[in-house]
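Asks: Questions regarding the structure given below will be posed in turn.
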Amino acid sequence: MKRVLPPLNALRAFEAAGRLGSFKEAAAELHVTHGAVSQHVRLLEEWLDAPLFERHNRRVVLTAAAKDYLAEIGPLFEQLSQATARYGVAKAMSRTLYVNAPATFTLRWLVPRLAKFRVEHPDVDVKVDTSNESVESLKETYDVIIRGGPDTFYGYSMRLFLSEERLPVCSPALLQRLPLRVLDDIRQHTLLHTSSLPRLWPDWLAKAQIPALRPAAALTFDHFYLTLQAAIDAVGIAMGPTALVSDDLAAGRLVAPFAGPRLPSRSYCTYVPDGKSGDELVVLFRSWLEREGMRMPTQTAP
């Protein structure tokens with residue numbers, strides 16, 4: 001006889017939502033959106049031609065028939081998981097950590113340190129997506145989201161792991177051509193701007209008490225990592241976030257010609273869905289980020 005099986009992705013979404021009692025927590029477990037879980041459950045309801053959940057504003061409740069259905073299929077999913085685990089596949093899948101972080105932060109701070117994380121935890125796979133969208137605007141579900149802060153988002157726990165300030169940085173080769181002995185020497189140089197951060201240089205010049213200074217030229221880039229690369233390539237002077245240029249300063253690719261003034265900047269924080277705060281990999285990765293953040297120098301020498 002031909003097997004009568006419902007859409008398996010829809011069945012998986014129903015089992016997770018019914019077991020956890022929440023579409024949101026099911027989405028987090030399955031690494032899909034809340035809307036995807038809702039759509040799969042509705043598909044299964046149409047296939048069965050029967051409702052599975054009673055919708056009440058922000059919560060859902062299994063119908064009596066759905067409770068019996070879940071009681072029957074739940075053990076089958078557990079048996080499938082155990083059978084797969086015997087072949088090592090389930091363990092490999094469970095050791096993947098899904099991270100979302102801003103592109104510049106990923107390129108200049110996270111990627112150079114991920115090799116160290118891999119040496120310490122060779123059995124953990126890390127999948128990194130880059131985005132500047134707000135935590136609440138992300139369409140996919142992630143284990144760890146890295147953004148500026150500290151901010152508060154409903155349904156997420158927040159922990160700070162890296163602080164920074166901003167100050168002018170440039171290439172040593174640029175200083176050989178045009179030395180910067182006093183603040184007023186900046187007028188001989190090209191200032192590098194980022195279109196999304198238009199106030200950095202005006203705010204710093206005001207804090208340095210030279211708000212009317214006019215540089216020799218100005219260049220604006222649409223991405224911050226391009227601005228920093230232009231500074232490394234001796235195109236001009238950039239406002240460098242101390243955390244993201246620390247490796248370049250240590251390697252001599254950049255120098256900070258002035259000890260101050262420094263502009264305050266938002267810190268880097270991890271935002272984790274409430275349902276994942278106690279996850280073993282999340283706790284491991286968060287703790288590692290915090291240890292790496294503590295290793296950063298509190299002051300950056302000029």
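The values are calculated or read from the model by the stated rules, or taken from the named source; none is laboratory data. Bear in mind that the values here come from a model prediction, so they are computed numbers and not experimental data. All Cβ positions, even for glycine, are placed from backbone atoms using ideal geometry, and neighbour counts span all protein chains on display.
Per-residue answers, yes or no, for (1) assigned to a helix (DSSP H, G or I); (2) over 26 Å from the mean Cα position of the chain (by Cα); (3) within 17 Å of residue 141 (Cβ to Cβ); (4) at pLDDT 85 or above:
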position	(1), (2), (3), (4)
9	yes, yes, yes, yes
12	yes, yes, yes, yes
18	yes, yes, no, yes
60	no, yes, no, no
77	yes, yes, no, no
80	yes, yes, no, no
83	yes, yes, no, no
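Asks: Consider residue 173 against the criteria (1) touching a Cys at 6+ places or on another chain (Cβ under 7 Å); (2) under 29 Å from residue 251 (Cβ atoms): it satisfies all of them except one. Which criterion is unmet?
Replies: (1)
Asks: Of everything in the range 138-195 that's touching a Phe, Trp or Tyr at 6+ places or on another chain (Cβ under 7 Å) and of a type in the set (Phe, Trp, Tyr), which residue is nearest to residue 29 (Cα to Cα)?
Replies: 142
Asks: Residues that are in contact with a Ser or Thr (Cβ under 9 Å, 6 or more places away or on another chain), basic (Lys, Arg) and under 30 Å from residue 54 (Cβ atoms): does the range 140-152 have at least one?
Replies: no
Asks: Take residue 181 and decide whether it is out of contact with any helix residue (DSSP H, G or I) (no Cβ under 9 Å at 6 or more places or on another chain), part of a loop (DSSP other than H, G, I, E, B), more than 29 Å from residue 280 (Cβ to Cβ) and of a type in the set (Lys, Arg).
Replies: yes
Asks: Also, I was wondering about something else. Taking the residues in the range 143-170 that are in a loop (DSSP other than H, G, I, E, B), in contact with a helix residue (DSSP H, G or I) (Cβ under 6 Å, 6 or more places away or on another chain) and on the phi < 0 side of the Ramachandran plot as candidates, determine which candidate is surrounded by the most Cβ atoms within 10 Å (Cβ to Cβ).
Replies: Within the range 143-170, the first condition is being in a loop (DSSP other than H, G, I, E, B), and the residues that meet it are 143, 150-155, 163-164.
Remaining after also requiring in contact with a helix residue (DSSP H, G or I) (Cβ under 6 Å, 6 or more places away or on another chain): 143, 153, 155, 164.
Now narrow it down to the ones that are on the phi < 0 side of the Ramachandran plot: 143, 153, 164.
Numbers: 143: 22, 153: 15, 164: 24.
The qualifying residue surrounded by the most Cβ atoms within 10 Å (Cβ to Cβ) is 164.
Asks: While we're on this one: Count, please, the residues in the range 97-130 that happen to be crowded, with 18+ Cβ neighbours inside 10 Å and farther than 14 Å from residue 286 by Cα. Reasoning before the result, please.
Replies: Within the range 97-130, the subset crowded, with 18+ Cβ neighbours inside 10 Å is 97-102, 104-110, 117, 126.
From what is left, the residues that are farther than 14 Å from residue 286 by Cα are 102, 104-109.
Of the residues in the range 97-130, 7 are crowded, with 18+ Cβ neighbours inside 10 Å and farther than 14 Å from residue 286 by Cα.
Asks: Determine if the range 276-295 includes at least one residue that is under 18 Å from residue 193 (Cβ atoms) and either β-branched (Val, Ile, Thr) or in contact with a strand residue (DSSP E or B) (Cβ under 6 Å, 6 or more places away or on another chain) (or both).
Replies: No.
Asks: Pick out, from the range 208-302, the helices (runs of 4 or more DSSP H) lying fully within it that include 3 or more residues that are assigned by TED's automatic domain parsing to the domain that holds residue 109. Before the answer, list the steps.
Replies: Working: elements: 224-232, 242-251, 280-294.
Correct list: 280-294.
Asks: State whether the residues of the range 26-38 include one that is at pLDDT 85 or above, β-branched (Val, Ile, Thr) and closer than 22 Å to residue 276 by Cα.
Replies: yes
Asks: Looking at 167, 138, 114, can you tell me which residue is in contact (Cβ under 8 Å) with a residue 12 or more places away in the chain and closer than 21 Å to residue 262 by Cα?
Replies: After ruling out the rest, the residue left standing is 167.
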